[in-house]
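Working notes, structure below.
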Amino acid sequence: MSERMSAREAITAVATAFEELEVVDGDFPQDGPLAWSGYGTSRARATERTGEKESVICGLATVEGRPCVLLSFEFGFLGGSLGQRTGDRLEAAYEMARERRLPLVSLIATGGSRMQEGMLALTQLQRVARQSTLLREAGLPQIAVLRDPTTGGGWATLGAGADVILALPGAQIGFAGSRVRPADADPAAYGAQGQLAAGQIDAIVRTQDLRTVLAGWLTLLAGAGHCGPAPVPAPFGASGLPADGWEAVTRARSPERPRAESYLDAYFPHRQALSGDRCGGVDPGMLCGFGLHKGISYAYAAQTGTATTPAGYRTAARLIRLADRLGIPVLTLVDTPGAANDAAAERAGQGAAIADAFAALASARVPVTTLVIGEGGSGGALALTSPDRTWVTADSYFSVIAPELAAAILKRPESEVRSTASQLRLRPQDLVELGVARGVLGA
């Protein structure tokens, strides 16, 4: 189980400066809106025990020089539950973030809605959802840090609704709290590690690393308003152009060819990853995140040479839409033999996932730059390819279909695969001549 911190201990762990926002409380009956017997006494005991008037603290913060609006839950105050006054404070924090054009960071530890306020407590989730939507429309990022526990409506709004979701090791995370889960439920599904594996959070971060990681994210996501396209990455060496189509395919499939990790390492001195499609899946062959190149923030989605799964396309679409909302240009690195075509991929909605990636890229208002660094396998590669800013390396190819499959569909013998590859005009120089790519790098 994760170490439990108070709200102010959590603030101290991440913020180098903090100025609390004072919220003026209106009239509130002693035992709340439902006249719940003993509720007032419980609140008084919670205040005496924690020193807080409510389950959340919010204010202006600085995280290693990066300003933000910060809110932190006090689990010791009635289990960090959300009531009407909690909603007032959360709404005030979101409004401050919009007014000051600042990111919102949430340090969450909550058991959900407060039973003693009934449906009036539950409707605070609608207030939070509305404020979160307004912040997204304003082009401002939201970062959530999930402490132990983060359950119920707090997870389903503040937590899961954030753009970047980090969790402390061992934190309980799930819509169902520990007392309302099925008796036979797998406990791993409700923990930070299980949620990471299921694509629901982006990273697990140790408390001692949290300030540095948050500062990095605040730096990367503060690039709104920059409209210049991402520069094309430099190629690795000069390998010359392939003589025919089959040579292009062979070179692109070579295990010695540089892969996406090498390009990303060379391009970004600092980068942080987004992980997961928020639908239950993670594709390790799709690398997504944000990085700094010559001091400017860019988003990236990079294939690593494997067949891309539905989770990969959904993660890339999520990345592109977030970057577009924040005004951050996108770089894509294309390298896949094609979309995964097994039964598991079809059951997971491969067609819809590819369509969503196409739609995200087509609707992006920020410039998208693409470099094809290896295999460009059919629509599975095209879904991540810019329609007007694409370059190719000398050891890459792009084809409507793999030459072996083209030969099979055309009922040609295996001996004609090589000639079919040339007929497909898939070489880097062919792609430039056809107008598919702007130029060849590393020739």
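Across the range 133-262, counting alpha-carbon atoms alone, Rg and Dmax equal 21.5, 67 Å. Arranged from fewest to most other beta-carbon atoms within 10 Å of their beta carbon, 217, 246 become 246, 217.
With the charge dipole of the range 7-220 set up from +1 on Lys and Arg Cβ and -1 on Asp and Glu Cβ about the Cα centre, the Cα lying farthest toward the positive end among the listed residues 35, 87, 172 is that of 172. The residues neighbouring residue 62, those whose beta-carbon lies less than 13 Å from its own, together hold a net charge of +1 under the Lys/Arg +1, Asp/Glu -1 convention. Full extension of the chain between residue 64 and residue 21 gives 13.5 nm of extra length, using 0.36 nm per residue less the Cα-Cα distance. Spacing of the modelled spin labels on residue 433 and residue 133, each 7 Å from Cα toward Cβ, amounts to 5.4 nm. Scattering from the range 245-441 was approximated by placing one identical point on each alpha carbon and applying the Debye formula without solvent; log10 I(q)/I(0) at 0.08, 0.11 1/Å stands at -0.25, -0.47. Taking 0.36 nm per residue of separation and subtracting the current Cα-Cα distance, fully stretching the chain between residue 238 and residue 400 would add 55.7 nm. A Förster distance of 30 Å, applied to the separation of the beta-carbon atoms of residue 363 and residue 342, puts the FRET efficiency at 0.55. Estimated from the Cβ-Cβ distance and a Förster radius of 41 angstrom, the FRET efficiency linking residue 126 and residue 270 is about 0.60.
Net charge dipole, the range 7-220: roughly 180 debye, given to the nearest 20, about the Cα centre with Cβ charges of +1 for Lys and Arg and -1 for Asp and Glu.
Cβ crowding within 10 Å, taken as a proxy for footprinting-reagent exposure, orders 184, 395, 31, 202 from fewest neighbours to most as 184, 31, 202, 395.
The magnitude of the dipole of the range 279-435, with charges of +1 and -1 set on the Cβ of Lys/Arg and Asp/Glu and taken from the Cα centre, is near 440 debye.
Each of 385, 255, 408 was scored by the projection of its Cα onto the charge dipole of the range 245-441, and the greatest displacement toward the positive side belongs to 385; charges sit on the C-beta of Lys, Arg, Asp and Glu.
When the chain is treated as a GNM with alpha-carbon contacts under 10 Å, the residue of 208, 116, 193 showing the greatest mean-square fluctuation is 208. Note on residue 212 and residue 294: with the Förster distance fixed at 22 Å, the Cβ-Cβ geometry gives a FRET efficiency of about 0.55.
Taking other C-beta atoms within 10 angstrom as a stand-in for reagent exposure, 315, 123, 50 fall in the order 123, 50, 315, fewest first.
Restricting attention to the chain, close to 40% of DSSP beta bridges with both partner residues there are antiparallel.
The P(r) of the range 7-220 has a tail past 29 Å containing 20 percent of all C-alpha pairs.
Residues in the range 62-79, backbone N under 19 Å from the label point at residue 115 (7 Å along the Cα-to-beta-carbon vector): list them, ranges by number please. Output list for this probe position: 75-79. Based on alpha-carbon centroids, what's the gap between the range 323-364 and the range 117-153 in Å, whole number please? Value for the Cα centre distance between the two parts: 28 Å.
Scan (1) 7; (2) 25; (3) 18 for the value of percent of Cα pairs over 42 Å apart calculated from this model and give just the label. Read-out from the structure maps to (2).
Neighbours of residue 433, meaning other residues whose beta-carbon lies under 14 angstrom from its beta-carbon, give a summed charge of +2 when Lys and Arg score +1 and Asp and Glu score -1.
Only the coordinates and a few stated rules stand behind these numbers; no lab work does. Keep in mind that what you see is a predicted model, and the values were worked out from it rather than measured. In this analysis, Cβ positions are derived from the backbone assuming ideal geometry, glycine residues included, and neighbour counts consider all displayed protein chains.
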